[in-house]
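Enquirer: Sharing a structure below in C-alpha cells format, with a few things to ask.
The values are calculated or read from the model by the stated rules, or taken from the named source; none is laboratory data. Because the structure is predicted, anything quoted here is derived from the model rather than measured. Using ideal geometry, Cβ is built from the backbone for each residue, glycine included, and neighbour counts are taken over all protein chains shown.
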Amino acid sequence: MSAGSEQNYDIPDHLFKVIDTHHEPRLNKDDTDDDEETTDYILKVLEESKKSLTKMLIESQNESKSILPAIEKSSESTNDKYSSEAKEFLDGLTNAQIVYRMMDSPKGGLQQIPEGYRYCVQGFFLRSLGDTYEFVNYQPLTQYFVVLEEENNQLERLACPIHSYTNDFSRIYANGMDVFEAGDLSMLQPAGVPCLNISQGNLETSLCLLTIQVEEHQCQELVPVHDDQSDH
C-alpha cells in the first residue's frame, strides 16, 4: 500500500444490523406507562383550564352587559341636564345682549388694577359666524374707576376717565357649550364685583331722567280736558 492512498473496506450487511441493534434505545414497560400518565394529566389540566377561562369570559361579558346600560343611561341623563342648563344660560345672554364679562387681570390699558383683582366690564353679546358667539367690549372702553391697592383695594372714581381703544376684553366662543363652560359671562353685574367701564353717576342721571319722564306722562293723563263750548 503506497503512502497517501485510500483503501475502501466493505462491511458486511449483517454487521450493520448488529450495530443498529446494539445502539437502539430500549424502553421498558414502566417507562412507557409513566409517559402515558404524564400526557393524560397534562391534557386533563389543559381541559380544566379551558373550561375555567370560558366560564370567566362568559361571566365577564354578562357583567359588562348589565353595567353598560346603567352607565349609558346615567351619561345621557347628565348630558341632557347639562345641555338644558347651557341652552337656558345661552338664551338669557342672547336676549340680554348687553352683558358683563368677569376678569382677574389688568388688560387693555386699564390703570391701577392689581393682578388677581376681580372686576368686570360691560359689553355686547352677539351671535357670530356659524356656531360661534362673541363678547365685544365698547369702543372706546372708558375706565371710570381705579383700585387703591394700598387702601385695601378701595375703588376711587377718576376725575378724568381714561379712554382706551382696545379689543383685549373681547372674546370669541367656539359654540354655546363653550360659552357655558367658560363661566366668565353674566346677564347681570355680579354682586361684589365692580364694573369699571360704567359710570355710576351717568347711570343715576339716566334713572332720574326716566323717572321725570314717567311722572310727566302720568300728570298729563290726570289733567282734565276743558270744553271750549261750555256755558259761561
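Enquirer: Among the residues of region 106-139, which ones are in a loop (DSSP other than H, G, I, E, B) and under 13 Å from residue 196 (Cβ atoms)? Walk me through it before giving the result.
Expert: Narrowing region 106-139 to residues in a loop (DSSP other than H, G, I, E, B): 106-118, 128-132, 138-139.
Within region 106-139, 106, 107, 108, 109, 110, 111, 112, 113, 114, 117, 118, 138 meet the criteria.
Enquirer: Considering only region 58-115, state which residues are at pLDDT below 70 and aliphatic (A, V, I, L, M). Quick ask: steps written out before the conclusion?
Expert: Initial filter on region 58-115 (at pLDDT below 70): 59-82.
67, 68, 70, 71 - these are the residues of region 58-115 that are at pLDDT below 70 and aliphatic (A, V, I, L, M).
Enquirer: Continuing with this model, one more query. Looking at region 119-151 only, could you name the residues that are in contact with a Pro (Cβ under 9 Å, 6 or more places away or on another chain) and either exposed (fewer than 13 other Cβ atoms within 10 Å of the Cβ) or within 15 Å of residue 164 (Cα to Cα) (or both)?
Expert: 142, 143, 144, 145
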